[in-house]
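J.: The structure is given below, and queries will be raised subsequently.
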Amino acid sequence: MSGLDLTQSAARVTAAIVDIESESGNEKALADAVEEALRQYPHLEVLRDGDSVLARTDLGRAERVILAGHLDTVPIAVDSTGRRNVPSLLEGDWETGTLRGCGTSDMKAGVAVQLVLAATLADPGRDVTYVFYECEEVEAERNSLGRLIRTRPEWFAADFAVLLEPSNNIVEGGCQGTMRARLTFRGARSHSARSWLGDNAIHKAGAALRRLAEYRPRRVEVEGLEFREGLNAVGITGGVAGNVIPDECSLVVNFRFAPDRSQADAERHVREVFADLDAEIAVTDSAPAARPGLHLPLAAEFVSAVMAGMPEEPTAKFGWTDVARFAELGVPGVNYGPGDGSLAHKPDETVDLEQVVRCAERMRSWLGSAS
Ligand SMILES: [Zn+2]
């Protein structure tokens, strides 16, 4: 018998999985519990890969959707009351109370919703693939979603994807792209007592900093959602010694771009901004943006199912998320899940249990009804 009882409410399952520590790289105990619990349900095909777990129904439905969430959390911390933030702590009751603890919002509440749906929806109107992956909170190379998509592509053929990262149950469409570039300014060294013999590379970087300070980032509407871009210096290095005119200075800039630009467009833009400055420009890393796609029939139907009666409207996702990986596969996706992203990674992280319960209910009625 598994230690994880998935017939409980999503709120209680959230507490049960918060209590199994799963800092990035240390997800084995939680992956074991998830795998064991899901294997009890004959309507699911279950696959274990590393410390990731995949499960799916195979009912031959006309549509298939992916529900995805990461099992890992940031390191356990001590909260503002001096208490270690695992195990979880319930304040109030299981329907309307608050659960405190590491990973409550980011994103064990979303994972609990996935688990409860996986266990209890034996006959959904849409086939569902549930993805529980590892190492999201660390360097992108360790994120197992990238590995699983490469090595198990047949598990990622779908018509639509929902990433249950915390969004206060508001659908967030698409995501921004991100690109880092290094600008290198070169000069000539000399003794600072005879500076006229040198050429100061740090001074040359000044023109680029002025340009960044004056840069007017775009606000652009893409498929009905407003995205805000940003181009910022995020690092600068230079200098040889206290008595030497420096011959090199490098400036790292980060461009967060809207999904109407490809990575090539974004690079072209960065090069244009600094084109007349005497700098070598090299892109050091980048990840593509994802278009929101909320006008597509499945996405539009999802939005009206999960947000019916709410005063809020869907918004654009600021920041890069794994939704972009689905977009690259041609699977449109959204971020939608219980919890507050602004509490993520904080020692006093909590989740509002009413949101957890409501998210599970709305997802259940959306998945339960074949169109
Ligand atoms: Zn997260």
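J.: Any idea which residue in region 209-236 is farthest from the chain's Cα centre (by Cα), counting only those that are over 27 Å from residue 175 (Cβ atoms) and hydrophobic (A, V, I, L, M, F, W, C)?
T.: Step by step, filter region 209-236, then rank; the result is 209.
J.: Inside region 322-342, can you point out the residues that are of a type in the set (A, V, I, L, M, F, W, C) and under 14 Å from residue 169 (Cβ atoms)?
T.: Residue satisfying the conditions is 334 alone.
J.: Could you check region 112-138 and list, in sequence order, the residues that are in a strand (DSSP E or B) and away from the ligand (no atom under 14 Å from the Cβ)?
T.: Within region 112-138, 127, 128, 129, 130 qualify.
J.: For region 18-111, please list each of the strands (runs of 3 or more DSSP E) lying entirely inside it that holds at least 2 residues being at pLDDT 95 or above and closer than 24 Å to residue 302 by Cα.
T.: Output list reads 52-56, 64-70.
J.: Within the set of pairs 6+ apart or on separate chains, which have a first residue in region 166-179 that is under 28 Å from residue 269 (Cβ atoms) and part of a loop (DSSP other than H, G, I, E, B), a second that is among the charged types (D, E, K, R) and open to solvent by 10 Å² or more (accessible area, probe 1.4 Å), and C-beta atoms under 9 Å apart?
T.: 174/223; 174/291; 174/317; 176/228; 176/229; 176/256; 176/317
J.: Still on this structure: Filter region 316-339 down to the residues that are more than 13 Å from the chain's Cα centre (by Cα) and within 14 Å of the ligand (Cβ to nearest atom), then identify the one that is farthest from residue 87 (Cα to Cα).
T.: So, considering only residues that are more than 13 Å from the chain's Cα centre (by Cα) and within 14 Å of the ligand (Cβ to nearest atom), the one farthest from residue 87 (Cα to Cα) is 338.
J.: Sticking with this structure for a sec: Go through region 144-165 and give me each residue that's within 14 Å of the ligand (Cβ to nearest atom) and open to solvent by 10 Å² or more (accessible area, probe 1.4 Å).
T.: 165
J.: To continue, here is another question. Yes or no: residue 247 open to solvent by 40 Å² or more (accessible area, probe 1.4 Å), acidic (Asp, Glu), in contact with a helix residue (DSSP H, G or I) (Cβ under 9 Å, 6 or more places away or on another chain) and touching a residue at least 12 places away in the same chain (Cβ under 8 Å)?
T.: yes
J.: So, one more: Restricting the search to region 1-55, which residues are open to solvent by 20 Å² or more (accessible area, probe 1.4 Å), in contact with a Lys or Arg (Cβ under 8 Å, 6 or more places away or on another chain) and under 21 Å from residue 74 (Cα atoms)?
T.: If the condition is that a residue be open to solvent by 20 Å² or more (accessible area, probe 1.4 Å), in contact with a Lys or Arg (Cβ under 8 Å, 6 or more places away or on another chain) and under 21 Å from residue 74 (Cα atoms), then 24, 25, 50, 51 are the ones that fit.
J.: Of the conditions (1) away from the ligand (no atom under 15 Å from the Cβ); (2) open to solvent by 10 Å² or more (accessible area, probe 1.4 Å); (3) within 30 Å of residue 286 (Cα to Cα); (4) modelled with pLDDT of 95 or more, residue 141 satisfies every one except a single condition; which number is it?
T.: It is condition (4) that residue 141 fails.
J.: Test each condition in (1) open to solvent by 10 Å² or more (accessible area, probe 1.4 Å); (2) of a type in the set (A, V, I, L, M, F, W, C); (3) within 16 Å of the ligand (Cβ to nearest atom); (4) in a helix (DSSP H, G or I) for residue 193 and report the one that comes out false.
T.: Here residue 193 clears every test but (3).
J.: Residue by residue through region 173-186, note down the ones that are open to solvent by less than 30 Å² (accessible area, probe 1.4 Å) and either under 30 Å from residue 238 (Cβ atoms) or of a type in the set (D, E, K, R) (or both).
T.: 176, 177, 178, 179, 181, 183, 184, 185
The values are calculated or read from the model by the stated rules, or taken from the named source; none is laboratory data. The model shown is predicted, which means the values in this text are computed figures rather than measured ones. Neighbour counts run over all protein chains shown; Cβ positions are idealised from the backbone, glycine included. Calculation scope for accessible area: heavy atoms of the full protein, side chains included, ligands and nucleic acids excluded. Shrake-Rupley method; radii C 1.70, N 1.55, O 1.52, S 1.80 Å.
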